[in-house]
Amino acid sequence: MSLGPLQLKNPVLCASGTFGTGQEYIDYVNLSRLGAIVSKTVTLEPRLGNPPPRLAESSFGLLNSIGLPGPGVDAFIAEDLPLLRSCGTLAIVSIAGQKTTEFGELARRISAEEGIAAVEVNISCPNIEGGGCFFSDDVDAASGATRAARTHTALPLFVKLSPLVTDIVEIATSVLDAGADGLTIANSFPALSVDWQGRKPRLGNITGGLSGPAIKPITLRLVWLVAEKTRAPIMASGGIMTADDVLEYMVVGATACQIGTANFLDPQVSIKILQDLQNILAREGIDDINSIIGTLKEK
Ligand code: RRO
């Protein structure tokens with residue numbers, strides 16, 4: 001199937017930040033069966049990330065405040081990329097900068113390497129030149145980061161949007177105009193978890209991002225809004241636990257789906273979803289999964 005300029009063997013992908021660089025899953029998952037792996041967001045320099053605790057469970061969801069820890073792009077290329085590029089499926093590399101120019105530099109470094117299928121630009125990170133606001137918060141910062149990456153790579157470029165913006169269609173349109181080939185909708189929702197007896201936040205960073213089934217209906221609406229208005233190739237990400245969740249996202253306009261939080265409950269969930277998807281399509285007599293995309297009947 002086609003996802004903009006990318007050819008996918010199926011629509012089931014693993015989401016950035018929930019699948020490392022594939023290494024941790026090779027004993028559990030035949031990685032070559034996945035549509036693609038989106039690697040943990042890589043930064044220019046090594047980073048320690050946020051203070052622990054970094055995870056807190058909530059009803060039907062999970063909060064995280066990982067804070068982009070990682071070895072930096074040099075170590076990623078030297079140590080992680082060899083497995084990622086040899087795992088038999090597409091490697092989509094997620095990047096994040098602290099300044100607009102860093103998105104360009106990261107895109108340039110990544111594109112110089114063999115065996116990378118696409119770049120996912122993660123704009124849900126603080127812009128140190130923008131007073132710490134996230135790049136995803138406004139049109140200029142989001143489109144600036146996209147344009148910087150676009151200028152430095154010929155690889156297919158996807159931008160992962162934040163769900164918490166006033167007008168997601170406006171941000172989506174601006175990053176598409178800045179050269180993105182498609183979109184990932186969306187990241188986790190800013191959230192807070194509190195231990196009231198201890199009068200303490202449950203996360204070391206106080207706030208974090210909420211993911212998991214709790215956010216699925218909200219993200220479903222965002223995918224629907226953007227798909228209707230832009231017709232862009234979309235990877236959906238938000239609380240996908242089952243093959244039916246994948247089909248819901250496809251009906252509202254997604255072409256592919258990224259499985260995230262569900263990997264923590266069951267590392268083999270993506271393969272199970274793929275199998276279930278094939279069974280459901282056979283049961284329903286649907287020969288071509290593409291025929292599902294954007295078929296929501298609104299009247
Ligand atoms: O590292 C994180 O805390 C993190 C990132 Br960069 C992101 O994009 N989304 C998320 O939920 N956590």
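Out of every Cα-Cα pair in the chain, what percent are more than 35 Å apart? Mind dumping the intermediate values first?
Working: 5285 of 44551 pairs.
Here the tail beyond 35 Å accounts for 12 percent of pairs.
Would you kindly state how much longer the chain becomes between TYR28 and PHE264 on full extension, computed as 0.36 nm times their sequence separation minus their alpha carbon distance, in nm to one decimal? Write out the running numbers ahead of the final one.
Details: separation 236, 0.36 × 236 = 84.96 nm, distance 1.23 nm.
Extending this stretch completely gives an extra 83.7 nm.
Calculate the FRET efficiency for LEU83 and ILE206 from the Cβ-Cβ distance with a Förster distance of 35 Å, rounded to the nearest 0.05.
Values: r = 35 Å, r/R0 = 0.99.
For R0 = 35 Å, the calculated efficiency reads 0.50.
Run through the stretch 80-170 and list the GluC sites (Glu not before Pro) located in a DSSP loop whose Cβ has at most 12 other Cβ atoms within 10 Å.
On the way: sites: GLU102, GLU105, GLU113, GLU114, GLU120, GLU129, GLU170; in loops: GLU113, GLU114.
For GluC sites (Glu not before Pro) across the stretch 80-170 that sit outside H, G, I, E and B with at most 12 neighbouring Cβ atoms in 10 Å, the list reads GLU114.
Using only the Cα atoms of the stretch 201-289, what are the Rg and Dmax in Å?
Cα-based Rg and Dmax for the stretch 201-289 come out at 14.6, 50 Å.
In the stretch 207-299, what GluC sites (Glu not before Pro) fall in a loop by DSSP, with at most 14 other Cβ atoms inside 10 Å? Working shown, then result.
Numbers: sites: GLU228, GLU248, GLU284, GLU298; in loops: GLU298.
Passing both the DSSP loop test and the Cβ count: GLU298.
So what is the relative contact order for the stretch 19-142, in percent, with contacts set as C-alpha pairs under 8 Å and at least six apart?
24
In nm, what is the difference between 0.36 nm times the number of residues separating ASP244 and ILE218 and their Cα-Cα distance?
Details: separation 26, 0.36 × 26 = 9.36 nm, distance 1.62 nm.
Going from the current span to full extension adds 7.7 nm.
Can you say what percent of the DSSP beta bridges in the stretch 14-131, counting only those with both residues inside, are antiparallel? Round to 5.
Numbers: 5 of 14 bridges.
Antiparallel: roughly 35 percent of the beta bridges in the stretch 14-131.
Per-residue counts of other Cβ atoms within 10 Å, averaged by peptide: what ranking do you get for 143-149, 275-281, 122-128, highest first? Walk me through the numbers on the way to the answer.
Numbers: 143-149: 25.4, 275-281: 15.4, 122-128: 21.1.
Those peptides, ordered most packed to least, come out 143-149, 122-128, 275-281.
Of the DSSP beta bridges with both residues in the stretch 155-297, give the percent that are antiparallel, rounding to the nearest 5.
If we restrict to bridges inside the stretch 155-297, about 40 percent are antiparallel.
Within the chain, what percent of beta bridges assigned by DSSP are antiparallel, to the nearest 5? Provide the component values of the computation, followed by the final result.
Working: 17 of 43 bridges.
Within the chain, antiparallel bridges account for around 40 percent of the total.
At a 10 angstrom cut-off on C-beta neighbours, averaged per residue, how do the peptides 5-13, 66-74 rank from highest to lowest?
Working: 5-13: 20.0, 66-74: 16.9.
The packing order, highest mean first, is 5-13, 66-74.
Tell me the relative contact order for the chain as a rounded percent, counting alpha carbon contacts under 8 Å between residues six or more apart.
On the way: 678 pairs, mean separation 55.4, N = 299.
About 19 percent, as a whole number.
What length, rounded to one decimal in nm, is gained on full extension from ARG283 through to GLU170, with 0.36 nm per residue of separation minus their alpha-carbon distance? Let's see the in-between values first.
On the way: separation 113, 0.36 × 113 = 40.68 nm, distance 3.89 nm.
So the extension gain works out to 36.8 nm.
Please list the non-local residues whose amide H lies under 5 Å from the amide H of CYS133, H modeled 1.01 Å from N, same-chain partners needing a gap of 5 or more.
Result for CYS133 returns ASN127.
I'd like the distance between the alpha-carbon centres of the stretch 258-293 and the stretch 127-146, rounded to an integer number of Å.
34
Once you list every other residue whose beta carbon is under 12 Å from the beta carbon of GLN23, what net charge do they have if Lys and Arg are +1 and Asp and Glu are -1?
Result for the local shell: -3.
Heavy atoms only, 1.4 Å probe, whole protein assembly: order MET241, MET250 by accessible area, highest first. Walk me through the intermediate numbers first.
Values: MET241 55, MET250 0 Å².
Greatest to least solvent exposure: MET241, MET250.
In percent, how large is the relative contact order of the stretch 183-246, given Cα pairs closer than 8 Å and 6 or more residues apart? Show your work: numbers first, answer last.
Values: 79 pairs, mean separation 26.6, N = 64.
After rounding, I find 41 percent.
The values are calculated or read from the model by the stated rules, or taken from the named source; none is laboratory data. Predicted model, so just to flag it, every value in this text is computed and none were measured. Backbone-built Cβ (ideal geometry, glycine too); neighbour counts: all protein chains shown. Heads up: the accessible areas ignore ligands, DNA and RNA and are worked out on the full protein's heavy atoms, side chains in. Shrake-Rupley method; radii C 1.70, N 1.55, O 1.52, S 1.80 Å.
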